[in-house]
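Note sheet for the following structure.
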Amino acid sequence: MFREARRGDLDAVLWLYRQLQPADPVVQNGSVAEVFEQILAAKGLHLFVLEEDGAVVATTYLKSSPT
């Protein structure tokens, strides 16, 4: 199922991104959740996930801006 991301997807999204950048430092101060909330609330930015058998297996985003 292709759908817009929601708060509960943070851990799955982080796991996917860790596969791409395994050497990135792990942030421990909670700021990741704050930034994720900002992304989800950002006007003109839509983060989508692809679910397979209930697990998030891919992400993509759409950025729209006035022309």
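Among the residues of region 1-33, those identified as among the acidic types (Asp, Glu) and touching a residue at least 40 places away in the same chain (Cβ under 8 Å) are Glu4, Asp9. Residues that are outside any strand (DSSP E or B) and either within 13 Å of Met1 (Cβ to Cβ) or touching a helix residue (DSSP H, G or I) at 6+ places or on another chain (Cβ under 9 Å) (or both) within region 44-67 comprise Asp53, Gly54, listed in sequence order. Among the residues of region 1-33, count how many are surrounded by 10 or more Cβ atoms within 10 Å (Cβ to Cβ) and within 24 Å of Ser64 (Cβ to Cβ). Total satisfying the criteria: 9.
Among residues that are of a type in the set (A, V, I, L, M, F, W, C) and not in a loop (DSSP other than H, G, I, E, B), Val13 is included.
Return yes or no: is Glu37 surrounded by 11 or more Cβ atoms within 10 Å (Cβ to Cβ), modelled with pLDDT of 95 or more and among the acidic types (Asp, Glu)? Against the criterion (surrounded by 11 or more Cβ atoms within 10 Å (Cβ to Cβ), modelled with pLDDT of 95 or more and among the acidic types (Asp, Glu)), Glu37 qualifies.
The values are calculated or read from the model by the stated rules, or taken from the named source; none is laboratory data. All values reported here derive from a predicted model rather than from experimental measurement. Here the Cβ is made from the backbone with ideal geometry for all residues, glycine too, and neighbour counts use every protein chain on show.
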